[in-house]
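First the structure, in the form of structure tokens, and then the observations on it.
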């Protein structure tokens with residue numbers, strides 16, 4: 001037996017790449033779609049994105065942009081967006097094919113702002129950051145950690161944990177498919193664009 005999880009993050013209120021990712025997941029017959037937060041922010045199509053996520057029965061967690069959205073009065077905003085965000089957890093945890101998986105927007109246990117930055121502006125691994133996060137995750141007991149927030153794309157084994165950031169559907173032009181129990185990760189390019197493993201380096205430089 002095996003299971004596939006479709007991974008998206010940082011949709012940022014832009015519906016076209018989200019729709020493409022979800023179509024890809026349908027074609028690949030994934031068993032679950034997980035969004036690692038930040039559905040809001042930057043774009044102008046938040047309501048359409050939420051409608052699509054609900055329609056496709058996607059699992060989602062809160063990101064910092066959802067928290068900011070809930071703390072800001074948005075004139076004319078439909079109540080269902082607020083209701084949807086209020087229903088979301090900060091973390092998602094499950095065991096799939098005997099693999100313990102945790103999803104959090106930025107970093108465990110509950111951070112929405114302290115992102116995991118593993119790549120430099122040239123898309124090369126930052127050895128020091130990889131070492132630091134390996135130590136940080138030591139003993140966490142996770143097989144897979146799924147994060148977003150930093151607009152970076154990676155699937156790196158840190159100690160005993162496979163850490164995956166599928167990237168932003170809007171800015172990195174990517175989503176990902178995780179196959180369990182083999183722990184295989186496939187990064188999928190979107191919108192005919194060249195995937196960008198790093199977006200907005202200046203904003204994301206450690207310590208973020």
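Read-outs: derived from the displayed coordinates by stated rules, not from any lab. What you see is a predicted model; the values in this text were computed from it and never measured. FYI the Cβ positions are ideal-geometry reconstructions off the backbone, even for glycines, and counts take in every protein chain you see.
Could you order peptides 179-191, 125-137, 158-170, 41-53 by the average number of other Cβ atoms within 10 Å of their residues, highest first?
158-170, 41-53, 179-191, 125-137
How far, in nm, would the chain grow between residue 135 and residue 2 when pulled straight, counting 0.36 nm per residue and subtracting the alpha carbon separation?
My answer for the length gained is 44.9 nm.
How would 38, 31 line up from fewest to most surrounding beta-carbon atoms within 10 angstrom?
If I rank by nearby Cβ atoms, fewest first, I get 31, 38.
Taking the Cα-to-Cβ direction at residue 191 and at residue 95 and moving 7 Å from each Cα, how far apart do the two end points lie in nm?
Rounded to a tenth, the inter-label distance reads 4.0 nm.
Where the centroid of each part is defined by its Cα atoms, how far is segment 13-27 from segment 101-168 in Å?
24
Over the chain, what is the mean sequence separation of C-alpha contacts under 8 Å (at least six apart), divided by residue count, expressed as relative contact order in percent?
With pairs under 8 Å counted, the relative contact order is 24 percent.
Test of understanding: extend the Cα→C-beta vector of residue 71 to 7 Å, then name every residue of segment 83-116 with backbone N under 12 Å from that spot.
Correct set: 112-113.
May I ask you to sort 200, 173 by Cβ crowding, counting other Cβ atoms within 10 Å and putting the fewest first?
So the residues, fewest neighbours to most, are 200, 173.
Counting helices only, and only those DSSP H runs with n ≥ 4, report the 222 nm mean residue ellipticity of the chain as the sum of -39,500 (n - 2.57) divided by its residues, in deg cm²/dmol to the nearest 500.
Counting only the DSSP helices, I get -7000 deg cm²/dmol.
Looking only at segment 3-204, where both bridge partners belong to it, what percent of the DSSP beta bridges are antiparallel (to the nearest 5)?
65
Which shape class, rounded, prolate or oblate, goes with segment 1-120 when its Cα gyration tensor gives a ≥ b ≥ c as root eigenvalues, a/c under 1.5 marks rounded, and past that a/b bigger than b/c marks prolate?
oblate
Test of understanding: ordering 4, 56 by Cβ neighbours within 10 Å, fewest first, what list do you get?
Lowest to highest Cβ neighbour count: 56, 4.
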